[in-house]
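Notes to accompany the following structure.
Each value in this text was obtained by applying a stated rule to the coordinates, not by laboratory testing. Because the structure is a prediction, the values reported are computed rather than measured. Neighbour counts are summed over all protein chains in view; Cβ atoms, including those assigned to glycine, are modelled from backbone coordinates with ideal geometry.
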Amino acid sequence: MRLLLVELSRLRSRRAIMVLMAGAFLVGALVAGATLWEHRPLDDAAIASGEEFAAREAQQPYFQRIYRRCQENPAQFSERGVATVSDCEMVLPDPAWYLERQPLDPVDLSGQLPLVLTLFLGVIAVLVGATMIGAEWSAGSVGTQLLFEPRRPLVWTAKAIAIAVSAAVMAAVVFAFVWLVILGAYTAWSDDALPAGFVGDLGETGLRAAAFAAVAGLAGYAVTVAVRHTVVVVGLMLAYSVIGEGLLRSLFPSVERYLVSNNAVAWIDKSHTIVVYPQDCFDDVSCRPDKIVLELLDAAVYFGGITAVLLTASLFVFSTRDVP
C-alpha cells in the first residue's frame with residue numbers, strides 16, 4: 001500500500017501527466033460546449049416556420065399516398081413506430097426536419113458521443129502510462145527506486161496499479177462531466193422526460209469507458225517498460241491508427257473481428273455488427289456480404305487477452321533486464 005501511494009504521488013508530480021489530464025478535461029469541456037451550442041434552443045418564429053413548412057409538405061401527393069397506405073395497413077410501417085391507424089401521423093413530415101438546427105436530444109447523442117469520448121480518453125490514457133515510466137527511464141530514477149525496494153515485481157505492480165487507477169478516474173470524471181452538462185441543459189431546455197433507464201445505461205457506459213482507459217493506460221505502460229522510450233509508443237500508436245488497420249483490412253479481409261477499433265465499438269455499445277463485402281463476386285449469392293457480430297463478452301476477452309500478454313511480457317522484461 002505504501003508503494004502504491006508513493007507511485008500515485010510520483011504520478012501527480014509529473015507535469016507532463018498533469019498537462020495530459022488537464023487537456024482531457026479541456027477537450028471534454030469543449031465537446032460539451034460545442035454540443036450545447038449546436039443544439040441550442042430555437043426562437044418561436046423559427047419553430048413556427050418549421051411547423052408551417054411541415055404542414056405544407058404533408059399535403060404533397062407523395063406523403064398523402066404514404067398516409068393512405070398506412071391507414072389501410074399500419075403493420076407495413078411498424079419500423080417507423082406505427083402500431084395502429086391512429087399512429088399514422090408518424091409517417092408525415094416532422095417539423096423538426098425543417099428546423100435550421102435540431103433540438104438537444106441526449107438519446108440521439110448517446111449513439112456516437114460515448115464512443116468518441118472513450119476513444120479520445122483511451123489515447124490520453126496510453127500517453128499517461130507511457131509518459132510516467134518513460135520519464136523515469138530517461139531520468140534513471142528506476143534504479144534508485146530499486147535500491148530502496150529491491151523486489152522488482154512489487155515495484156512494477158505498484159506502478160501498474162497507479163496508472164490504471166489514475167486513467168480510470170480521469171476517464172470516469174471527464175465522461176460524467178460532459179454528460180452532466182448535456183443532461184442539465186436538456187432538463188432546462190425541454191419539458192420531455194428521458195426514457196426510463198436511460199441514465200442508468202449511460203452510467204454503465206461510463207464505467208466501461210473508465211475500464212477501457214485503464215486498459216489503455218496499462219498497455220502504454222507495459223510497452224514502454226519494454227522499449228524504455230515514450231516516443232516509440234507514440235509512434236506505434238500513430239502508425240496503427242493511421243495506416244495499420246487500413247493495411248490489415250486490405251491484406252486480410254477476415255481480420256475484422258481482431259481489429260482494435262471494432263472491438264472498442266463492441267465494448268462501448270455492447271454489440272457491434274461488421275459487414276464484410278466479398279472482394280470477388282459474380283451473382284446475387286456470391287455478392288452477399290458476411291456479417292460478423294461482436295458482443296460485449298467478445299470485446300472483454302479480446303482486450304483482456306491482449307492486456308494479459310502485454311503485462312506478462314512487461315513484468316518478465318522488468319524483472320530480468322539490467323536497470324541503469
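With the helix formula -39500 (n - 2.57) applied to DSSP H stretches of n ≥ 4, the chain reaches a computed 222 nm mean residue ellipticity of -23000 deg cm²/dmol. For segment 107-266, a Kirkwood hydrodynamic radius built from all Cα pairs, placed in the Stokes-Einstein relation at 37 °C and 0.692 mPa s, yields a translational diffusion coefficient of 185 µm²/s. Under the membrane-span-like helix rule (DSSP H runs whose alpha carbons stretch at least 24 Å along the helix axis, mean Kyte-Doolittle hydropathy 0.5 or higher), the chain yields 15-38, 113-139, 152-189, 198-227, 296-320.
With bins 5 Å wide beginning at 0, the percent of Cα pairs of segment 45-98 falling in each bin runs 4, 23, 26, 21, 16, 8, 3, 0.
Taking all pairs of distinct Cα atoms, average 1/r, flip it, and tell me the Kirkwood hydrodynamic radius of the chain in Å to one decimal place.
Result for the chain stands at 23.3 Å.
Measuring r between the beta carbons of LEU30 and VAL309 and using R0 = 45 Å, the FRET efficiency lands at 0.80.
Other residues within the sphere of radius under 14 Å centred on the Cβ of ASN262, judged by their own Cβ, net out at -2 (K and R +1, D and E -1). Its Cα centre serving as origin, segment 1-113 has a Cβ charge dipole (Lys and Arg +1, Asp and Glu -1) of approximately 1040 debye.
For segment 198-271, the percent of C-alpha pairs falling in each 10 Å distance bin, counted from 0 to the bin holding the largest distance, reads 17, 36, 35, 12, 1.
Could you tell me which of CYS70, ALA48, PRO93 has its Cα farthest along the dipole of segment 45-98 towards the positive end, charges placed at Cβ (Lys, Arg +1; Asp, Glu -1), taken about the Cα centre? Ranked along the dipole, the leading option is CYS70.
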